[in-house]
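Participant: So that we are looking at the same thing, I have put the structure below in structure tokens.
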Amino acid sequence: MADSKRADVVIAGGGSAGLTAALAIKRGAPDLDVMLIDAAGAKPAGADQRASAIAAAAKRMLDTLNVWERVADEAQPINAMEITDSATGDAVRPIFLTFQEPLSDGEPFAHMVPNGVLTEALKDASTAAGIEIGAPETVRDFSVEGSSVKLSLGSGGSVDARLLVAADGVRSGLRGKAGIATVSWRYKQMAIVVTVAHERPHHGVAREHFLPSGPFAILPLKGNRSSLVWTEREADAKKLLAEDEFVFQIELERRFGHHLGELSLDGPRQGYPLGLTLARDFVRPHFALLGDAAHGIHPVAGQGLNLGFRDAAALAEIVVDANRLGLDIGHIETLKRYEQWRRFDSWQMGVTTDVLNRLFSKENKMLRTARSVGLGIVDRLPFLKQNFIKEAAGLGGELPRLMRGEAL
């Protein structure tokens, strides 16, 4: 007979957002049985070369969940952000906008953390909290039956749960099975991600060059190293990824510049197609979307993961509070609170990144002049800059308790 299990909450997806939601729910409501089902399982070290900007609000949440101490040694504070807008071949790239003011308590508005380090820390903390993380497994299908949801697993087993959370990525299969439609399109761009070592220290300064093909972000890592998120037209990106190291590095140096001295590649190159995907609904009875399954956005503002962290903090708060009141944690009225909290913020960020990418990925000289003037105005108005810093730190809007550094 196929294996059958029971759980209160099942998180389908083992990325950072899914792991954080599982951990936050378990910490806030230890009486709930939380299970995490991950199709990928353990990945080899170095499989994911990406690093993410962890906003100050997300850092406070990870600190409250006792995860930050596990990644602190690899976390690089972002002390300043410089933005330029120029053509690829310009010899001089004037800086039109600079963010270098810390938050009121002296805290940096963000830290860079390698994705692999963060994921492992969340897995270790989740296992220590008593969350079941089994062998690689998939949720093949599910159906709502009364006050529970029955999951059919790829291995032939099944799970009865009160709430299924789909955190299975931007191409979420569970989202489709729930009948949730999306608004989506491709940008015909690809993000090339690679880590480079450089001769001189970066001093914690992040740089974003808006180039005609898309943004070129230089994000500081520990030591004399930086993570690059290089947006290129899709056809050109595929050619660059196929080139030998010598040609690739020449093209990289044209965009990177020489302000940090001699460069060398410090890991393999990886490419990720870019698009926008926004779910029209975030919930169904006993079912909720989380992270990229709810919203896949352009990396121009570096907020994709932080949106997922907000989802995790909001969903955990609602589930934990409902459980304490003796309410059904999977009831549609309970989950609608989560949807109302998170859908507008996600759509707003999706539209913002879409507009930024379209506005700055143009070669028109008149448009570039207008952009430069606009950036210069923002740079000279302290109240506007403070608002931008607040948003980059994830401190805008109605914050979940975990993102204020408060335990559930």
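Bear in mind these aren't lab numbers, they're just calculated from the coordinates by the rules spelled out. A quick note: this is a predicted structure, and the numbers were derived from the prediction, not measured. When we count neighbours, we look across all protein chains shown, and the Cβ atoms used for this are built from the backbone with ideal geometry, even at glycine.
Participant: Sort 148-158, 306-316 for me by packing, meaning the mean count of neighbouring Cβ atoms within 10 Å per residue, highest on top.
Facilitator: Ranking, from highest mean packing down: 306-316, 148-158.
Participant: Using only alpha carbon pairs under 8 Å that are at least six residues apart, calculate the relative contact order of segment 104-205 and give it in whole percent.
Facilitator: Dividing the mean separation by the residue count of segment 104-205 yields 12 percent.
Participant: Expressed as a rounded percentage, what relative contact order does segment 242-298 have, with Cα pairs under 8 Å and six or more residues apart?
Facilitator: Value for segment 242-298: 28 percent.
Participant: Of Glu82, Glu253, Glu262, how do they rank once you tally other Cβ atoms within 10 Å and put the fewest first?
Facilitator: Starting with the residue having the fewest Cβ neighbours, the order is Glu262, Glu253, Glu82.
Participant: Still on this structure, please answer the following. Would you mind ranking Tyr272, Tyr338 by Cβ crowding within 10 Å, fewest neighbours first?
Facilitator: Ascending Cβ contact count within 10 Å gives the list Tyr272, Tyr338.
Participant: Counting other beta carbons within 10 Å of each Cβ, put Glu317, Glu199 in order, fewest first.
Facilitator: Exposure proxy ranking, most exposed first: Glu199, Glu317.
Participant: Of Ser213, Met190, Ala167, which is farthest towards the positive pole of segment 137-214's charge dipole, taken about the Cα centre with +1 and -1 on the beta-carbons of Lys, Arg and Asp, Glu respectively?
Facilitator: Positive-end residue among those listed: Ser213.
Participant: Restricting the count to DSSP beta bridges whose residues both fall in the chain, what percent are antiparallel, rounded to a multiple of 5?
Facilitator: Of all bridge pairs located within the chain, approximately 70 percent are antiparallel.
Participant: Let me ask you something else. Among Lys123/Lys150; Lys59/Lys177; Lys150/Lys177; Lys59/Lys188; Lys188/Lys385; Lys59/Lys390, which pairs are too far apart, with a Cα-Cα distance over 22 Å?
Facilitator: Beyond 22 Å: Lys123/Lys150; Lys59/Lys177; Lys59/Lys188; Lys188/Lys385.
Participant: Below 8 Å between Cα atoms, with a sequence gap of 6+, how large is the relative contact order for the chain in percent?
Facilitator: Across the chain, relative contact order equals 23 percent.
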